[in-house]
Amino acid sequence: MNSYKIIVTAPSGVEGLLRKEMNRLGYTEGLTVGKGGVTFSGGPVDLVRCNTLIRQGERVLVEVGSFPAVTFEELFQGTKALPWEEWLDAEAAFPVAGKSLKSQLFSVSDCQAIIKKAIVQRLQEKYKKVTWFAETGPVYQVEFRITQDQVTIMLDTSGDGLHKRGWRKLSAQAPLKETTAAVMLTLSNWRPHQLLIDPFCGSGTILIEGALKALGAAPGLNRSFACEKWPQVPAALWRQVREEARENAALWQQEKSAELAEMRLEGYDIDANAISMARYHAKLAGVDKYIHFQQRDIKDFRSSKKYGAVITNPVYGQRMGDDQEAAALYRTMGQVLAPLDTWSFYVLTSHPGFEEAFGRKATKNTKLYNGRLECRLYQYHGPRPPRRDRAAEEEGQAEEKQAGGDS
Ligand SMILES: C[S@@+](CC[C@H](N)C(=O)[O-])C[C@H]1O[C@@H](n2cnc3c(N)ncnc32)[C@H](O)[C@@H]1O
């Protein structure tokens, strides 16, 4: 069982960017891009590489099997026929969760119970001496999807979602997912020699993710994954992939040393607690020397720099503050940023009145989800700053075209 179907999930609209990212990691053949993710055939080392190295994906799943079912009996027999003993030993824990869409089997809780029972029966037949599965061993989260009467059963190899990079120790109000920040950075074409500012930085997500990306740091290097405890994924592979990731980051930093020497990121927020948290998180992530954080109201923001990029996720009027307050904030933001006519701006919000309040129509906007909330990334591309690395910038623009955004 050394090759199986691996699914790297991504939020709707991000699949093309994820494919491009996987191409850069060497996955160029046999990728299928579908709604919600990218699928390919791989083995244990690919589970380790995808979990450790992918920045914009959500989770890495491995398929156990797929079959059609319109009755509970078909669901039970189809599940029981799968080779569960190849994954689960007698101690394994196997909670079941899932979703059903446009299918006759629509009761998720019933499907959950039936799948669980079918796995237990299969294991009882294989491990004859075991009468009761205490489930005290490694966790194999079973994920099912039933779409148009086709059942797919997978195991979640990640555990915590890939957005967890290991540095977020304190919980903030309305934080952005690190994976969404990574997508915003990709779509912005930001390059490290360009000043990057987040005037509503909250816990610091965008800037910390930006600095880590610029340093070529593997996003999953400082955390653990569910499948690290699975015997199917040997510990030596984790050591090998982590070692390679560290070496690659060191080489990258050497190659980009001139650009990185100029890297400057600035984060502002009206809330002093948010600023202390952002500073703390940047330190934990090892990027504090690149980021200057300061408490500041957007109305007091000024810059004398000729070029720069603002990438931000201000209040939307839904999750914090109300609608009109958010619009007033966008007006202030529009006025304060108006003199910076050679800068680029990238603003993520779900507020439908953003462009009107900001006072400018975006060059482009791209649909992105912040959790379940549908948002738009309003993109205002300024003139190009003097180039250090034309190839790198053009590569970024090619990535943007993959995003499938609409304007
Ligand atoms: C949606 S949160 C940003 C979350 C951030 N991206 C993160 O991941 O933690 C919006 C932030 O805007 C800040 N804010 C609200 N009004 C502000 C103002 N007038 N000037 C500067 N920051 C403000 C809030 O304190 C909050 O931290």
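Miscellaneous remarks
- With protein chains left intact and a 1.4 Å probe, residues in the chain average 46 Å² of accessible area per residue.
- Exceedance of the 27 Å cut-off in Cα-Cα distance is limited, within the set Lys164/Lys364; Lys177/Lys283; Lys213/Lys283; Lys20/Lys306; Lys283/Lys306, to Lys164/Lys364; Lys20/Lys306; Lys283/Lys306.
- Ranking Leu31, Ile153, Gly16 by Cα position along the charge dipole of the range 4-156, where only Lys, Arg, Asp and Glu carry charges on their C-beta atoms, puts Gly16 farthest toward the positive end.
- Note on Glu243: accessible area is roughly 90 Å² with a 1.4 Å probe, heavy atoms of protein only.
- Among the chymotrypsin sites (Phe, Trp or Tyr not before Pro) in the range 83-163, those located in a DSSP loop and surrounded by at most 10 other Cβ atoms within 10 Å of their own Cβ are Trp132.
- Residue order for Glu209, Glu125 - accessible surface, 1.4 angstrom probe, largest first: Glu125, Glu209
- Taken about its Cα centre, the chain carries a charge dipole of about 520 debye when Lys and Arg each add +1 at the Cβ and Asp and Glu each add -1 at the Cβ.
- Per-residue Karplus couplings for the range 160-176, computed as 6.51 cos²θ - 1.76 cosθ + 1.60 with θ equal to phi - 60°, are listed in order as 4, x, 5, 5, 6, 9, x, 9, 7, 9, 10, 8, 9, 7, 6, x, 7 Hz, Gly and Pro entered as x.
- Principal-axis analysis of the Cα atoms of the chain puts helix 272-285 at an angle of about 60° to the longest axis.
- Accessible-area rank, largest first, for Ser304, Ser103, Ser257: Ser304, Ser257, Ser103, with all protein chains present and a 1.4 angstrom probe.
- Per atom type, the range 66-176 shows carbon and sulfur on 54% of its accessible surface, probed at 1.4 Å.
- Between the Cα long axis of helix 205-214 and the first principal axis of the chain there is an angle of about 90°, rounded to the nearest 10.
- Tensor-based shape of the range 4-156 (alpha-carbon gyration tensor, a/c under 1.5 rounded, otherwise prolate or oblate): oblate
- Charge dipole (debye, nearest 20) of the range 4-156; +1 at Cβ of Lys and Arg, -1 at Cβ of Asp and Glu: 240 debye
- Applied to the range 39-51, the Karplus parametrisation 6.51 cos²θ - 1.76 cosθ + 1.60 on θ = phi - 60° returns per-residue 3J(HN,Hα) values of 10, 7, 9, x, x, x, 5, 6, 5, 5, 5, 5, 5 Hz, with x for Gly and Pro.
- Helix 15-24 and the longest principal axis of the C-alpha atoms of the chain enclose an angle of approximately 90°.
- Of all DSSP beta bridges confined to the chain, the antiparallel ones make up roughly 65%.
The values are calculated or read from the model by the stated rules, or taken from the named source; none is laboratory data. Given the structure is predicted, the values throughout are model-derived calculations rather than measurements. When we count neighbours, we look across all protein chains shown, and the Cβ atoms used for this are built from the backbone with ideal geometry, even at glycine. For accessibility, only protein heavy atoms count, side chains too; no ligands or nucleic acids. Shrake-Rupley method; radii C 1.70, N 1.55, O 1.52, S 1.80 Å.
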